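A.B. asks: Can you keep this structure in mind? I'll have questions shortly.
The values are calculated or read from the model by the stated rules, or taken from the named source; none is laboratory data. In this text, all values refer to a predicted model and were calculated from it rather than measured experimentally. As a convention, Cβ positions derive from the backbone with ideal geometry for all residues, glycine included, and neighbour counts pool all protein chains shown.
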Amino acid sequence: MAHRVISLRYRPQNFDELTGQNHIVLSLKGAIKSGRIGHALLFAGPRGVGKTTTARIFAKSLNCVEGPTVYPCQKCQLCREITLSRSIDVIEIDGASNRGIEEIRSLREGVKYSPLHGRYKIYIIDEVHMLTQEAFNALLKTLEEPPPKVVFVFATTNPTKVPTTILSRCQRFVFKRLSVSEITSRLRTIADKEKIKITENALHYLAIRADGSIRDGESILEQLASFIEGEVTEEDVFKLIGFLGNDFYFTLLNKILTVDLGKVIMMLNKGIEDGADPVEIYRGFTNYLRAAFLIRTGVPCEFVELNSEEIEVLKKIELSRDEIIHLLEICLRFEDIVKRSVNVRIAIELLFSQLILCLTKSKKRENNNRVVLSSSPNKNVNIKEALFLDLQKNSPKLAGIIHKADITKNNDNVTVSVKNEFAKTQLVNNQKKVKSILKKILNTDFILNIEIVHQKEEESDLIQTIKVLFDGEEVR
Ligand SMILES: Nc1ncnc2c1ncn2[C@@H]1O[C@H](COP(=O)(O)OP(=O)(O)OP(=O)(O)O)[C@@H](O)[C@H]1O
Ligand SMILES: [Mg+2]
Ligand SMILES: [Zn+2]
């Protein structure tokens, strides 16, 4: 017998086997029990979450010899034929490849005839949003005068593309994206039955990568099982899907906090060399930031797609909620750029340059508010202010320069950063004076550095260019 893939072998055959769509199951069961079966049902939701599966179970429930029942017997001919997709009364049409008016015309012919064996004739149209306008118009006519004993189930991943005239004639069922824990538990059941050994962590990352879709999760599991001997580990998962663990994103985020662009770019490239797809890095990092955001907003842990250890680690990250929001905003602005870019690697590098720029600015702002340097023996002296006040008396020009400068103290080094050559010359010429005042303020000896920083906030030409490209800000 030909090998059948896991996702087909493990297609739920009754409502109770479905994972995570309880709200849908409840209302469908209710409809079946009460005999209030709509003529047209719309199943909307992301890929691989059970739309087609549910449509078939629903068909079985209606047509089973023991039916209509919420527990189809699975044994009668009608049930068996539906399971095998061979039932004459259950017609599945792929809307993506049968988009035109001709197909819908023949459907309109077909609905005139009563069901052959079952109680109902059930049309399941997958990807219904792909139909052409003419096809929708023809379909609408049928829905306006629904033939008896015909039920339509429309499945779509994109309900916004279905005309409202059709939507308003359908009972709508919204399938949800499955959570990491729902996918994990379903895959664990399958792995046990298939005797696939896989660690909890491996399963966790696999479930994250499945991105809400059980079918995607099942496919990855199957692929892993086919080439890994022994137990599947998280490293195997990362290798197969070019996916980096949350450790990677945690380290990356910490590197960004040090605002060292060089190190960040090196780390990104190391990740890519290790086999990660740059788009994957984008996605993984954005999701990781989202988790950080959720944690900062105090959302309960089960909504955060991380395990409890990872949540504890992430709680400690030195980023405020507002900073995280800014970083997320930048990431989202890059979504299109990353996806469309011919050279994704560059797009990713630019993205991280922007993230660092954003943090540099917010840290600067913070520093400007408190230039307190606590490491000096005279604790909590505001060097800048004290120096400014002292200079103001006799050297207003120098005071003005200090006012606009940034002063930092690091061990025995005091660095005065100024904007331009003029300010630097002035300070260098008056070094002695400045140093003696500083000595008085700090009550200690030190090395004085005077440097120029380009006040356009270290914005290199590169970063300026990015800003123009993506923010539409003008360079002056
Ligand atoms: N809710 C679920 N519970 C258990 N298994 C599921 C569920 N959803 C999907 N699956 C698994 O994924 C496979 C595909 O599901 P299904 O065809 O119903 O998805 P779909 O929502 O119709 O996706 P698409 O939009 O891509 O057509 C099923 O055969 C089953 O193995
Ligand atoms: Mg489907
Ligand atoms: Zn049956």
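A.B. asks: Looking at the range 161-186 only, could you name the residues that are in contact (Cβ under 8 Å) with a residue 24 or more places away in the chain and part of a helix (DSSP H, G or I)?
C.D. replies: Scanning the range 161-186 gives LYS161, THR165, ILE166, LEU167, VAL180, SER181, GLU182, ILE183, SER185, ARG186.
A.B. asks: So, in the range 309-324, exactly how many residues are in contact with a helix residue (DSSP H, G or I) (Cβ under 7 Å, 6 or more places away or on another chain) and either modelled with pLDDT of 90 or more or assigned to a helix (DSSP H, G or I) (or both)?
C.D. replies: Residues that pass the stated criteria total 8.
A.B. asks: Output the residues belonging to the range 98-113 that are more than 17 Å from VAL153 (Cα to Cα) and either touching a helix residue (DSSP H, G or I) at 6+ places or on another chain (Cβ under 9 Å) or surrounded by 13 or more Cβ atoms within 10 Å (Cβ to Cβ) (or both).
C.D. replies: GLY100, ILE101, GLU102, ARG105
A.B. asks: Could you check the range 8-28 and list, in sequence order, the residues that are away from ligand 3 (no atom under 16 Å from the Cβ), outside any loop (DSSP other than H, G, I, E, B) and within 19 Å of GLN74 (Cβ to Cβ)?
C.D. replies: Those that are away from ligand 3 (no atom under 16 Å from the Cβ), outside any loop (DSSP other than H, G, I, E, B) and within 19 Å of GLN74 (Cβ to Cβ): LEU8, ARG9, VAL25, LEU28.
A.B. asks: Within the range 46-95, track down each residue that is surrounded by 16 or more Cβ atoms within 10 Å (Cβ to Cβ), more than 11 Å from ligand 2 (Cβ to nearest atom) and in contact (Cβ under 8 Å) with a residue 60 or more places away in the chain.
C.D. replies: Across the range 46-95, the qualifying residues are PHE58, ALA59, LEU62, THR83.
A.B. asks: I need a count of the residues in the range 104-141 that are within 16 Å of ligand 1 (Cβ to nearest atom) and part of a helix (DSSP H, G or I).
C.D. replies: Total satisfying the criteria: 3.
A.B. asks: Hey, could you check the range 373-392 for residues that are of a type outside the set (Gly, Ala, Ser) and exposed (fewer than 15 other Cβ atoms within 10 Å of the Cβ) and say which is modelled with the highest pLDDT?
C.D. replies: So the first thing to find is which residues in the range 373-392 are of a type outside the set (Gly, Ala, Ser), and the list is 373, 377-385, 387-392.
Of the ones still in play, those that are also exposed (fewer than 15 other Cβ atoms within 10 Å of the Cβ) are 377-380, 389, 392.
Values: PRO377: 40, ASN378: 45, LYS379: 44, ASN380: 49, LEU389: 84, GLN392: 81.
Top of the filtered list is LEU389.
A.B. asks: Residues LEU253, LEU268, LEU257: which one is surrounded by fewer than 18 Cβ atoms within 10 Å (Cβ to Cβ) and hydrophobic (A, V, I, L, M, F, W, C)?
C.D. replies: On the way: LEU253 fails: surrounded by fewer than 18 Cβ atoms within 10 Å (Cβ to Cβ); LEU268 fails: surrounded by fewer than 18 Cβ atoms within 10 Å (Cβ to Cβ).
After applying the criteria, what remains is LEU257.
A.B. asks: With the requirement that a residue be touching a strand residue (DSSP E or B) at 6+ places or on another chain (Cβ under 9 Å), within 15 Å of ligand 1 (Cβ to nearest atom) and within 16 Å of HIS117 (Cβ to Cβ), what does the range 57-103 give you?
C.D. replies: Once the filter is applied, which keeps residues that are touching a strand residue (DSSP E or B) at 6+ places or on another chain (Cβ under 9 Å), within 15 Å of ligand 1 (Cβ to nearest atom) and within 16 Å of HIS117 (Cβ to Cβ), the range 57-103 yields ALA59, LYS60, ILE82, SER85, VAL90.
A.B. asks: Also: Can you give me the number of residues within the range 15-45 that are more than 11 Å from ligand 1 (Cβ to nearest atom) and either in contact (Cβ under 8 Å) with a residue 60 or more places away in the chain or under 27 Å from LYS161 (Cβ atoms) (or both)?
C.D. replies: Matching residues across the range 15-45 total 10.
A.B. asks: List, please: which pairs have Cβ atoms under 8 Å, are six or more places apart or on different chains, and start with a residue in the range 125-137 that is touching a residue at least 40 places away in the same chain (Cβ under 8 Å) and end with one that is part of a helix (DSSP H, G or I) and within 15 Å of ligand 1 (Cβ to nearest atom)?
C.D. replies: Note: pairs meeting the criteria are ASP126/LYS51; ASP126/THR52.
A.B. asks: Taking into account only those residues within the range 271-306 that are surrounded by fewer than 15 Cβ atoms within 10 Å (Cβ to Cβ) and not in a helix (DSSP H, G or I), which is modelled with the highest pLDDT?
C.D. replies: THR297
A.B. asks: Let me ask you something else. Residues of the range 78-92 being more than 8 Å from ligand 3 (Cβ to nearest atom) and either assigned by TED's automatic domain parsing to the domain that holds ALA210 or over 40 Å from the mean Cα position of the chain (by Cα) (or both), which ones?
C.D. replies: Once the filter is applied, which keeps residues that are more than 8 Å from ligand 3 (Cβ to nearest atom) and either assigned by TED's automatic domain parsing to the domain that holds ALA210 or over 40 Å from the mean Cα position of the chain (by Cα) (or both), the range 78-92 yields ILE88, ASP89.
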